[in-house]
1. Which residues' amide hydrogens lie under 5 Å from the amide hydrogen of Val98, considering only partners 5 or more residues apart or on another chain, with H built in the peptide plane?
2. Once you charge only the Cβ atoms, +1 for Lys and Arg and -1 for Asp and Glu, what is the size of the charge dipole of the chain about its Cα centre, to the nearest 20 debye?
3. Pull up all non-local amide H partners of Ser176: gap of 5 or more, or a different chain, and H-to-H distance under 5 Å with H placed in the peptide plane.
4. What value, in deg cm²/dmol to 500, does the helix sum -39500 (n - 2.57) over DSSP H runs of n ≥ 4 give at 222 nm once divided by the residues of the chain?
5. Return the equivalent ellipsoid semi-axes of region 211-288 as a descending list in whole Å, where each equals the square root of 5 times an eigenvalue of the C-alpha gyration tensor.
6. Just the C-alpha atoms of the chain: what Rg/Rh do they give, with Rh taken as the Kirkwood radius?
7. Give the relative contact order (percent, whole number) for the chain; include only Cα pairs under 8 Å separated by 6+ residues.
8. List, in the order given, every pair from Lys196/Lys235; Lys110/Lys217; Lys112/Lys217; Lys110/Lys193 whose Cα-Cα distance in the structure shown is over 27 Å.
Amino acid sequence: MARVFSGIQPTGQVHLGNLLGALRHWVTDQDDHDCLYCVVDLHSISLPHDPAELRANTLEMATVLLAVGIDPERATLFVQSQLGGEHAELAWILNSVVFMGELSRMTQFKAKSEGRDSISICLFDYPVLQAADVLLYQGERVPVGDDQRQHLELMRDIAIRFNGRYGDTFQVPEASIPRQGGRIMDLQQPDRKMSKTDGSELGTIWLLDEPARLKKKVMSAVTDSASDVRAAADKPGVSALLELLSITTGAPVARLEDELAGQGYSVLKKAVLEALVEYLAPIQARYRELSGDRAEVERLLRRGTDRARELATPTLEAARDRVGFLPRAF
Ligand code: TRP
């Protein structure tokens, strides 16, 4: 089974873009891959943050991942900082084959540092830590959103360069970017991606939104002044709703267009609402159950940590050896 690795930052809540764009695939990948999923809290200190909030959000994100269907019997679910420093150590080693110029060109670095007068080295080095995350486990496939394309290219370059300089050490990973649902749009601004930081309040659907709130958001979604239910480049709002309906029901967009032809936008919105409520209900129920049992979440995470450490150790030892460090207990 091919090894899959992906990571997610412990931001507070998860929105529909995270769920349908990424996490949904994490869940299905478990069926036929050896999956590692990591809450990447080391990445979260690259921007100013509140320590207590980070700690709470880390556990919260792990709970969300379990709720959406990450199954600790089949996948390795763990928190990055819970290992004994393996990720950071490999990042340090990889730093020796990465150039300032490449990191300066990362569009995410440019976007996140824009307008700040002090930029941490962590933010600059973020993509190298991300490379270490995957290379440490010989990851083959990396399911990510389309905004991570450049980081994945760099990760491959780093692996190839290290292997070239020191001899074969790392699997060269491949990005796996979903064709459908990679971009879930803001319901109020359908030309923009749903986003935690610069989304609109009504246009952003959160994983834990209850039906009444979902109704308010879906029924007020921006469409256009025509009335034909059809996906088209000049109909971003309607296209986004059709895409949502397609993902949550499993029906292709073309079939939905046929079924909804001549029915108007309020019928479309009601269908989207119903599908979303049904899609989210079991996730929300599991979330409520797990968030009342913190000890169980911690137990599952400890298991993940143990397995992750076991998998990481041989690769880290090989990398240390390749660059010329003495064995640990000489
Ligand atoms: N940078 C990724 C994001 O913002 C999160 C991440 C960290 C990640 N390490 C990773 C994703 C390793 C995939 C593999 O989405």
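The values are calculated or read from the model by the stated rules, or taken from the named source; none is laboratory data. Nothing here was measured: the structure is a model prediction, and the numbers come from that model. Heads up, the Cβs are rebuilt from the backbone with ideal geometry, glycines too, and the neighbour counts pull from every protein chain shown. Ligands, DNA and RNA are stripped out before the accessible areas are found, and what is left, the full protein with its side chains, is counted by its heavy atoms. Shrake-Rupley method; radii C 1.70, N 1.55, O 1.52, S 1.80 Å.
1. Close amide H contacts, sequence-distant or interchain: none at all.
2. Values: 38 positive and 47 negative charges, 45 e Å.
Dipole about the Cα centre, nearest 20: 220 debye.
3. Val142, Val144
4. Calculated from helices alone, the mean residue ellipticity at 222 nm is -16500 deg cm²/dmol.
5. Details: eigenvalues 105, 37, 19 Å².
For region 211-288, the ellipsoid semi-axes come out as 23, 14, 10 Å.
6. Rounded to two decimals, Rg/Rh equals 1.00.
7. Relative contact order here is 21 percent.
8. Correct reply: Lys110/Lys217; Lys112/Lys217.
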